[in-house]
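**Student:** Pasting a structure here, questions to come.
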Amino acid sequence: MCLAVPGQILSIEQADDPLLRSGRVDFGGVVKVVNLAYVPEAEIGDYVIVHAGFAISRLDEAEAQAVLKEIAALEDVSHEIS
Amino acid sequence: MCLAVPGQILSIEQADDPLLRSGRVDFGGVVKVVNLAYVPEAEIGDYVIVHAGFAISRLDEAEAQAVLKEIAALEDVSHEIS
Amino acid sequence: MSDDIRLICPTPIGQYAQIVMGHGGGGRMMQQLLERLVRPAFANPHLDQRHDSAVLDVGGKRLAFTTDGYVVKPLFFPGGDIGKLAVCGTLNDLAMSGAKPLFLSAALVIEEGFPVDDLARVLASMNAAAQAAGTAIVTGDTKVVENGKGDGLYIATSGIGLIEHDLQIGPAGIREGDAILLSGDIGRHGVAIIAEREGLGFETTVESDCADLSGLVGELLKAGVELHCLRDLTRGGLAAAVLELATDSGFDMELNEDAIPVTPAVRGACEILGFDPLYVANEGRMVLFMSASVVDLALDVLHAHPLGRDAAVIGQVGAAGEGRVGLRNAYGIVRVLDLPSGEQLPRIC
Amino acid sequence: MSDDIRLICPTPIGQYAQIVMGHGGGGRMMQQLLERLVRPAFANPHLDQRHDSAVLDVGGKRLAFTTDGYVVKPLFFPGGDIGKLAVCGTLNDLAMSGAKPLFLSAALVIEEGFPVDDLARVLASMNAAAQAAGTAIVTGDTKVVENGKGDGLYIATSGIGLIEHDLQIGPAGIREGDAILLSGDIGRHGVAIIAEREGLGFETTVESDCADLSGLVGELLKAGVELHCLRDLTRGGLAAAVLELATDSGFDMELNEDAIPVTPAVRGACEILGFDPLYVANEGRMVLFMSASVVDLALDVLHAHPLGRDAAVIGQVGAAGEGRVGLRNAYGIVRVLDLPSGEQLPRIC
Amino acid sequence: MKYRDEYRDAASVKALADAIARRQTRPWTLMEVCGGQTHSIVKHGLDRLLPPSLSLIHGPGCPVCVTPETIIDHALELAARPDVIFCSFGDMLRVPGSKHDLLTVKAQGGDVRMVYSPLDALNLARENPERQVVFFAVGFETTAPTTAMAVLQAQRFGVRNFSLLVAHVRVPPAVETLLSAPDNRVDGLLAAGHVCAVMGYTEYEPIAASFHAPIVVTGFEPLDILRGVLSCVEQLEEGRSEVENRYGRAVTREGNRPAQALMKQVFEPITLSWRGLDAIADSGLGLRPEFADFDAVRRFRLSVPKTATTRPCRSGEVLTGRLRPCECPAFGTTCTPEHPLGATMVSSEGACAAYYRYRRNAA
Amino acid sequence: MKYRDEYRDAASVKALADAIARRQTRPWTLMEVCGGQTHSIVKHGLDRLLPPSLSLIHGPGCPVCVTPETIIDHALELAARPDVIFCSFGDMLRVPGSKHDLLTVKAQGGDVRMVYSPLDALNLARENPERQVVFFAVGFETTAPTTAMAVLQAQRFGVRNFSLLVAHVRVPPAVETLLSAPDNRVDGLLAAGHVCAVMGYTEYEPIAASFHAPIVVTGFEPLDILRGVLSCVEQLEEGRSEVENRYGRAVTREGNRPAQALMKQVFEPITLSWRGLDAIADSGLGLRPEFADFDAVRRFRLSVPKTATTRPCRSGEVLTGRLRPCECPAFGTTCTPEHPLGATMVSSEGACAAYYRYRRNAA
Ligand code: SF4
Ligand code: SF4
Ligand SMILES: [Mg+2]
Ligand SMILES: [Mg+2]
Ligand SMILES: [Mg+2]
Ligand SMILES: [Mg+2]
Ligand SMILES: [Mg+2]
Ligand SMILES: [Mg+2]
Ligand SMILES: [Mg+2]
Ligand SMILES: [Mg+2]
Ligand SMILES: [Mg+2]
Ligand SMILES: [Mg+2]
């Protein structure tokens, strides 16, 4: 359920309207206008997770990198063992 | 104006209704349902003149024959002269 | 009285910026669309043959190739259905070049919501018509369009035929003095269709003339009739077919109104609607052009075939001129036969 | 875990009594419609070739013959329009038999209200595409349907090509061990179309891949590449094309997911909509089947041509079997590639 | 077809034409009032069978031709409304208003339906209760009773979504206007047989008397028309100016009483500007106040358009017999049946269209 | 695509699968609640990378699957109305009601539109003021805020022709119901990452505690899912039953506060019968009384249909993890994606459909 994909904010309009805040979001070359009212903290350049035309979450890039590092460490373990 | 063609009444329905009297009328092999309210005197077998789905006149067959005879007489005159 | 007026300049097509029904009605608007937009866009010598099928040289063989779209309403009508129509129409266009039909294709555009059972009936009737002509539908395509973007079913058929004789049957073959023959009575398809339309509500026994003429054309060729030109009657009726050929060949022509067979029921329906049977659609009739000397032979062959039983000589080709067609009536008056503008509209007044 | 389940009996087509959009979507519903209704109705050996064009013997010559209907929306889209599509699609189907395209036909079904200027643009683009391929539209037809009974313009094109080599290019030519090549990246046509649709409102630079492959096929033949089978990718995408060929040839096949080129923009659009690019429509791509020994030669020719620049080997033909197609992913897992049911519908949940 | 084919017989036509030629001694100009008769004359070439000094000119008897442009513009406005199914007789569809025609509105998505009878439109209203169905009520006294009947049936059945755009016209006021024109060329009139089938012909008796013009009630087949001509010529030669009935099989002096009654129940005479003519008192029919609910102009609050015709169309002169179609400079050049400038080119019964179809480039 | 491709890397997937295998000592059964995760697992074959004694079963987390048939029947009724434009997400169109599906209604002429966002439906309402636009509001807590926003925007702009057919569902009550079933086989849960992006995961803390089941907030890419699995296995092996967040790039403990606020402003929890499950208290969302004007059931006075499902569909058992799709006798025979008997075969995220697509006849 809840197909949602990460995209990067290119521009923001009606930034302070609690219903109409919106912006153009880039999904790897495809751009869509998306409602940003639920991510008041998100800025141009940020990644957001978009579902049904709405950004439902600002993507935490630090956390994203940390996970990838954690997995890279696992890979090393894996290599050592096998 | 007022394209109207002769056809023969095949059947009559709602014969006494001043608005809905209608019937099937045959136009040389093509049959259409026609409003007959304006020809209350017309009976099955009679010819009527039909315009826009309405019989507007019962065809006077005696008169029709008389005219053809009159013209036939003219033809004779024509032949005699030429 | 002399009311003979010449057209000084033709009316520009641009006056309607949008396509209207009249552009498909077989009348002058359609001719203008084809002459001013379609033919120039595709300009090539084969299109310039201006015939029902293009005659092509493929590796030394003479092939006929044709296509038509079918958008008839209702889809099922007395005497046929869109499937039979789509196959017969294409067979006829091949036959008009004197080709033996070999292979057919069919592209279906089906509207969402169309009953699968009706589709099966149409396909069966296409196949029956193809088989009866010794041909087959060898390739096809199916598209589905949204409800409200179609009208049940549209079919485009194409056909390939092989020309096995040496005649050049087509508008260019027409000669001064040629007899003009008509293979049967006219107007039945158009009346059968109109009678079935919602709103008009005719009862009639009129059946569409929808038929494959390729067998009959084959008989004529086999009997050695030197055909100059053939054209099947479709949209725009007999008038459109003869007028097109007069224009394309550049010969004036004259038709004899009394010689043109029309059944009483077709005549009756036309009277009611204010139609002229000469302009009403057909789907199994053709005009034939040939030297007067072979008319008797041709009539023998025609009369012996179920599709040519009522065939008659209906006119003759006059001198080279401006491609005018006159219609001589019972009173000896010749009136100019003109293409209707768009479709014939029922008249009331 | 073993979840391998066999279909016990096929689902009857009759379950939808009416045509729905899915019947035209290139998926299993369409296959069923064709297999259970259309093919049986028209049964003949040429249809049984199950190829993009029928290969016919006409007076000792081998001809290819094909038809397709075009109902694309919008009519004008990045990378092409319905006219270019209609011509290229038919050229491609001829090319898939290795035929040299010779002649085209076009049947137009125009909706009342369609701008005459748009019609002129489409006709020009048809002619340009035909001329670029050295062919011409030699016969045609025009019908007008009422407003609300069409969608602007539908086009059915047919084509005749001449087969000048001795290969039997088609499903029957596929052999165990054949390499499966793909001529370029996939999914662009479908994404370009969808991005233009009302309601979705994508901005994208994705252009339809709409193109005529006949020149490229000609180059391959000229270079002496012994092609076993070709198929252009259209509705249903790469998956549908390979699955059809697996079914029709009876060979199991395996594709390598990582080897299939997809551009980031196409991938991005597919992610948003929940689509699988393997099932998205193309209009200028083909799969090629050939012995492994000629792959290098073929890739040389492909890479030298603008339409084959990204060509790659994407899989191979396995043993004769039940025509299953496996898709091997980066984790070494092989999943069964299955036709979608109808059209892919955008997913939200 | 019985009562039709007999009236087309070639020998009889010849005999009648001969009789006319024998009877005529001086040049006369006759006007057939009715467009249907114009159509028949031109199609069968009857005028060419007559002596050159006997002129037939074409009258205003085609509702398609005379319906004013302002009403056509109302029709276009109504037909373009998404809530409306607009019903019209076929030949009204190509009549140009100030901008375009009903066929264009239809091509642009308007729901325009061709009907054969006003009752077909009423049926559409009953079958589509959520839509507004408007019937374009054009025509002379022949057609007005059929429209009246649709209104009365709608009233009886309580059909609330049915209304009329009324453009009915009456023949006698127009004929009077024509005959009173200072440049009137018309010596005698063929009266429209089907109008008279409904109305009888007593209305024409004072007209014939006061203008000293014979008026002959005439049918539509070749023999009918030639009989009408013969009768007119006879009267003129004899110096008579009576109303005579030469369409006795369909017409009686008093006409169709039930049809007149219902027509009068629903409609009343109003002043109307015919296309090509000035306003004529009592020459139109409007819905009586009791039936105002059925008036589409009222129901849809249509405003009277300000547009005036600026086309170089001379159909006014054609309609009044002062100009033959082929004398109009636009005829056959900028004005053709595909792109008519005037209503007389639109209707296949219009004088310009009839000439275009049958006389242009006569072979 | 950034933040997607990295999470599909093959070497990392292998490393994680290895780590899971190393960590696991006993058989465990995990349920991924979310249909999106089911889709990902089956598409990428992730379950085949796991040890055989680690079972993944598929939960009820697909709104397409769980929307009750009675509401689908309401949808079909609304969509067939000539005055209605019925808007739905694409994957709801093939869900069968008691008689047929929205695609059939559309084929029969119903105006059914596929939209990507509830705001698209609202735009349609503004563009078509003469029509009624109904949006089929399905989905979990991820989607409910998007619907809430459409309602609030409609209110602000006074859009009177817009309404919702609401079928929103809430995850936690369903999870509690599953875990309390007497035949529950589930040892640990992967919680739906996007639901938690909106709701956070505090709701799951009491559930994990009371049922002694670890609950791990999990994303959707292969690495995300395997991390969730690893985390679950670790907890089980260690005897812990905590809520852990393994989708930290998108999810925080408290969730999306603005989204929660608007959702709560518009909706309130109601009792709902999920398809395949019995009625569950507070498991649905209904419009609050202040927004009752936007309720399509009320606006169109829909009656609650009496029909009950008589299909031999076992999707209830599939949804609760008691039956694998391939164990259903109808699977692949009378039930296929073309002719689905149950919702789990309809949605491409439904468990039966995912199995049919990726596992039938595995090569
Ligand atoms: S030819 Fe055309 S412009 Fe001239 S009077 Fe007739 S309708 Fe008017
Ligand atoms: S296979 Fe079909 S019938 Fe069986 S549980 Fe799944 S959806 Fe229901
Ligand atoms: Mg033809
Ligand atoms: Mg043709
Ligand atoms: Mg044809
Ligand atoms: Mg095809
Ligand atoms: Mg339709
Ligand atoms: Mg193909
Ligand atoms: Mg093809
Ligand atoms: Mg194709
Ligand atoms: Mg044609
Ligand atoms: Mg349309």
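The values are calculated or read from the model by the stated rules, or taken from the named source; none is laboratory data. Predicted model only: the values in this text are computed from it and were never measured. Cβ placement follows ideal geometry from the backbone for every residue including glycine, while neighbour counts extend to all protein chains displayed.
**Student:** Picking from F:102, F:93, which residue would you name as being free of Cβ contacts under 8 Å to residues at least 24 places away in the same chain, under 21 Å from the mean Cα position of the chain (by Cα), within 11 Å of another protein chain (Cβ to nearest Cβ) and surrounded by 24 or more Cβ atoms within 10 Å (Cβ to Cβ)? Explain how you work it out, then say what you get.
**Tutor:** On the way: F:102 fails: free of Cβ contacts under 8 Å to residues at least 24 places away in the same chain.
Only one candidate qualifies: F:93.
**Student:** For the stretch E:125-154, which residues satisfy the criterion of being within 9 Å of another protein chain (Cβ to nearest Cβ) and within 26 Å of residue B:49 (Cβ to Cβ)? Break it down stepwise before answering.
**Tutor:** Within the stretch E:125-154, the first condition is being within 9 Å of another protein chain (Cβ to nearest Cβ), and the residues that meet it are E:130, E:138-143, E:145-147, E:149, E:152-153.
Passing the criteria: E:138, E:139, E:140, E:141, E:142, E:143, E:145, E:146, E:147, E:149, E:152, E:153.
**Student:** Tell me, which residue of the stretch D:63-115 that is closer than 27 Å to residue D:242 by Cβ and of a type in the set (Val, Ile, Thr) is nearest to ligand 7 (Cβ to nearest atom)?
**Tutor:** My answer is D:71.
**Student:** Regarding residue D:68, is this residue within 16 Å of residue D:210 (Cβ to Cβ), part of a strand (DSSP E or B) and away from ligand 2 (no atom under 16 Å from the Cβ)? Walk me through it before giving the result.
**Tutor:** Details: within 16 Å of residue D:210 (Cβ to Cβ): yes; part of a strand (DSSP E or B): yes; away from ligand 2 (no atom under 16 Å from the Cβ): yes.
For residue D:68, the condition - within 16 Å of residue D:210 (Cβ to Cβ), part of a strand (DSSP E or B) and away from ligand 2 (no atom under 16 Å from the Cβ) - is met.
**Student:** What's the number of the only condition in (1) in contact (Cβ under 8 Å) with a residue 12 or more places away in the chain; (2) in contact with a Gly (Cβ under 8 Å, 6 or more places away or on another chain); (3) within 8 Å of chain D (Cβ to nearest Cβ) that residue F:86 fails to meet?
**Tutor:** Unmet for residue F:86, out of (1) in contact (Cβ under 8 Å) with a residue 12 or more places away in the chain; (2) in contact with a Gly (Cβ under 8 Å, 6 or more places away or on another chain); (3) within 8 Å of chain D (Cβ to nearest Cβ): (3).
**Student:** A follow-up question, please. Kindly indicate whether residue F:310 is modelled with pLDDT under 85 and more than 21 Å from residue F:42 (Cα to Cα). Please lay out each step first, then the result.
**Tutor:** Details: modelled with pLDDT under 85: yes; more than 21 Å from residue F:42 (Cα to Cα): yes.
So residue F:310 fits the description; yes.
**Student:** Considering only residues that are surrounded by fewer than 20 Cβ atoms within 10 Å (Cβ to Cβ) and either of a type in the set (Lys, Arg) or under 30 Å from residue C:217 (Cα atoms) (or both), look in the stretch C:103-135 and name the one that is farthest from the other protein chains (Cβ to nearest Cβ).
**Tutor:** C:132
**Student:** Additional query: Condition first: within 15 Å of ligand 8 (Cβ to nearest atom), of a type outside the set (Lys, Arg) and not in a loop (DSSP other than H, G, I, E, B). Can you find one or more residues in the stretch D:51-62 that meet it? I'd like the intermediate steps shown before the answer.
**Tutor:** Taking the stretch D:51-62 and keeping what is within 15 Å of ligand 8 (Cβ to nearest atom), we get D:51-55.
Retained after the next criterion (residues that are of a type outside the set (Lys, Arg)): D:51-55.
Then keep just the ones that are not in a loop (DSSP other than H, G, I, E, B); that gives D:54-55.
Checking the stretch D:51-62: at least one residue is within 15 Å of ligand 8 (Cβ to nearest atom), of a type outside the set (Lys, Arg) and not in a loop (DSSP other than H, G, I, E, B).
**Student:** In the stretch A:21-29, is there at least one residue being more than 7 Å from chain F (Cβ to nearest Cβ), modelled with pLDDT of 95 or more, under 19 Å from residue F:145 (Cβ atoms) and assigned to a loop (DSSP other than H, G, I, E, B)?
**Tutor:** yes
**Student:** Right, here's the next one. Mind listing whichever residues of the stretch B:30-55 are within 23 Å of residue E:140 (Cα to Cα), surrounded by fewer than 22 Cβ atoms within 10 Å (Cβ to Cβ) and within 10 Å of the chain's Cα centre (by Cα)?
**Tutor:** Residues satisfying the conditions do not exist here.
**Student:** Further question: Which of the residues that make up the stretch A:20-43 are free of Cβ contacts under 8 Å to residues at least 24 places away in the same chain and closer than 16 Å to residue F:2 by Cα?
**Tutor:** A:26, A:27, A:28, A:29, A:30, A:31
**Student:** In addition: Within the stretch E:229-254, which residues are among the small types (Gly, Ala, Ser) and either more than 9 Å from every other protein chain (Cβ to nearest Cβ) or surrounded by 24 or more Cβ atoms within 10 Å (Cβ to Cβ) (or both)?
**Tutor:** First pass over the stretch E:229-254, keeping only residues among the small types (Gly, Ala, Ser): E:231, E:239, E:241, E:248, E:250.
If the condition is that a residue be among the small types (Gly, Ala, Ser) and either more than 9 Å from every other protein chain (Cβ to nearest Cβ) or surrounded by 24 or more Cβ atoms within 10 Å (Cβ to Cβ) (or both), then E:231, E:239, E:241, E:250 are the ones that fit.
**Student:** Can you pull out every residue in the stretch D:317-327 that is assigned to a strand (DSSP E or B) and crowded, with 17+ Cβ neighbours inside 10 Å? Quick ask: steps written out before the conclusion?
**Tutor:** Here is the first cut: in the stretch D:317-327, the residues assigned to a strand (DSSP E or B) are D:317-320, D:325-327.
If the condition is that a residue be assigned to a strand (DSSP E or B) and crowded, with 17+ Cβ neighbours inside 10 Å, then D:317, D:318, D:325, D:326, D:327 are the ones that fit.
**Student:** Right, next: If the requirement is being part of a strand (DSSP E or B) and either among the basic types (Lys, Arg) or modelled with pLDDT under 95 (or both), which of these qualifies: D:335, D:347? Working first, answer last.
**Tutor:** Values: D:347 fails: part of a strand (DSSP E or B).
Residue meeting the stated conditions: D:335.
**Student:** Out of all the residues in the stretch E:134-192, which are more than 16 Å from the chain's Cα centre (by Cα) and within 30 Å of residue E:54 (Cα to Cα)?
**Tutor:** So the first thing to find is which residues in the stretch E:134-192 are more than 16 Å from the chain's Cα centre (by Cα), and the list is E:134-135, E:148-165, E:179-188.
Result: E:179, E:180, E:181, E:182, E:183, E:184, E:185, E:186, E:187, E:188.
**Student:** So, one more: Does the stretch D:68-82 include one or more residues that are of a type in the set (Gly, Ala, Ser), away from ligand 11 (no atom under 16 Å from the Cβ) and more than 10 Å from chain C (Cβ to nearest Cβ)?
**Tutor:** yes
**Student:** I would also like to ask the following. Do you know which residues across the stretch D:208-250 are surrounded by fewer than 24 Cβ atoms within 10 Å (Cβ to Cβ), within 16 Å of ligand 9 (Cβ to nearest atom) and over 12 Å from the mean Cα position of the chain (by Cα)?
**Tutor:** Correct list: D:248 only.
**Student:** Something else: Can you find a residue that is on the phi > 0 side of the Ramachandran plot and crowded, with 24+ Cβ neighbours inside 10 Å anywhere in the stretch D:26-47?
**Tutor:** Of the residues in the stretch D:26-47, the ones on the phi > 0 side of the Ramachandran plot are D:26.
With the extra rule that they be crowded, with 24+ Cβ neighbours inside 10 Å, the set shrinks to D:26.
There is at least one residue in the stretch D:26-47 that is on the phi > 0 side of the Ramachandran plot and crowded, with 24+ Cβ neighbours inside 10 Å.
**Student:** I need the full set of residues from the stretch C:64-123 which are among the β-branched types (Val, Ile, Thr), within 16 Å of ligand 3 (Cβ to nearest atom) and within 18 Å of residue D:108 (Cβ to Cβ), in order please. If you could, list the steps in order and put the result at the bottom.
**Tutor:** Going through the stretch C:64-123, the residues among the β-branched types (Val, Ile, Thr) turn out to be C:66-67, C:71-72, C:82, C:87, C:90, C:109-110, C:116, C:122.
Cutting the leftovers down to within 16 Å of ligand 3 (Cβ to nearest atom) gives us C:66-67, C:71-72, C:87, C:90.
Passing the criteria: C:66, C:67, C:71, C:72, C:90.
**Student:** Given the criteria touching a Leu at 6+ places or on another chain (Cβ under 9 Å) and among the acidic types (Asp, Glu), does residue D:203 qualify? Before you say what the answer is, go through the steps one by one.
**Tutor:** Numbers: touching a Leu at 6+ places or on another chain (Cβ under 9 Å): no; among the acidic types (Asp, Glu): yes.
No; evaluated as a whole, the condition is false for this residue.
**Student:** Would the stretch C:136-147 turn up any residue that is away from ligand 6 (no atom under 16 Å from the Cβ), at pLDDT below 95 and surrounded by fewer than 24 Cβ atoms within 10 Å (Cβ to Cβ)? Outline the logic, then answer.
**Tutor:** Let us first name the residues in the stretch C:136-147 that are away from ligand 6 (no atom under 16 Å from the Cβ), namely C:136, C:146-147.
Now drop any that are not at pLDDT below 95, which leaves C:146-147.
From the residues that got through so far, the ones that are surrounded by fewer than 24 Cβ atoms within 10 Å (Cβ to Cβ) too are C:146-147.
There is at least one residue in the stretch C:136-147 that is away from ligand 6 (no atom under 16 Å from the Cβ), at pLDDT below 95 and surrounded by fewer than 24 Cβ atoms within 10 Å (Cβ to Cβ).
**Student:** If only one of D:260, D:272, D:314 is over 27 Å from residue D:94 (Cα atoms) and either more than 9 Å from chain F (Cβ to nearest Cβ) or among the β-branched types (Val, Ile, Thr) (or both), which one is it?
**Tutor:** D:272
**Student:** Looking at the stretch C:22-39, is at least one residue under 15 Å from the mean Cα position of the chain (by Cα), among the aliphatic types (A, V, I, L, M) and more than 16 Å from ligand 6 (Cβ to nearest atom)?
**Tutor:** There is at least one residue in the stretch C:22-39 that is under 15 Å from the mean Cα position of the chain (by Cα), among the aliphatic types (A, V, I, L, M) and more than 16 Å from ligand 6 (Cβ to nearest atom).
**Student:** If you check C:157, C:90, C:142, which single one turns out to be within 18 Å of the chain's Cα centre (by Cα), away from ligand 12 (no atom under 16 Å from the Cβ) and in a strand (DSSP E or B)?
**Tutor:** On the way: C:90 fails: in a strand (DSSP E or B); C:142 fails: within 18 Å of the chain's Cα centre (by Cα).
Going through C:157, C:90, C:142 in turn, the sole match is C:157.
**Student:** Residue C:156: within 13 Å of chain D (Cβ to nearest Cβ) and within 16 Å of ligand 10 (Cβ to nearest atom), yes or no? Quick ask: steps written out before the conclusion?
**Tutor:** Values: within 13 Å of chain D (Cβ to nearest Cβ): yes; within 16 Å of ligand 10 (Cβ to nearest atom): yes.
Yes; evaluated as a whole, the condition is true for this residue.
**Student:** Could you pull out the residue among E:59, E:45, E:35 that is touching an Asp or Glu at 6+ places or on another chain (Cβ under 8 Å), within 12 Å of chain C (Cβ to nearest Cβ) and either of a type in the set (Ser, Thr, Tyr) or in contact (Cβ under 8 Å) with a residue 24 or more places away in the chain (or both)?
**Tutor:** Details: E:59 fails: within 12 Å of chain C (Cβ to nearest Cβ); E:45 fails: touching an Asp or Glu at 6+ places or on another chain (Cβ under 8 Å).
Exactly one residue qualifies, and that residue is E:35.
**Student:** Return the only residue of F:85, F:72, F:41 being surrounded by 20 or more Cβ atoms within 10 Å (Cβ to Cβ) and over 24 Å from the mean Cα position of the chain (by Cα).
**Tutor:** Details: F:72 fails: over 24 Å from the mean Cα position of the chain (by Cα); F:41 fails: over 24 Å from the mean Cα position of the chain (by Cα).
Answer to the selection: F:85.
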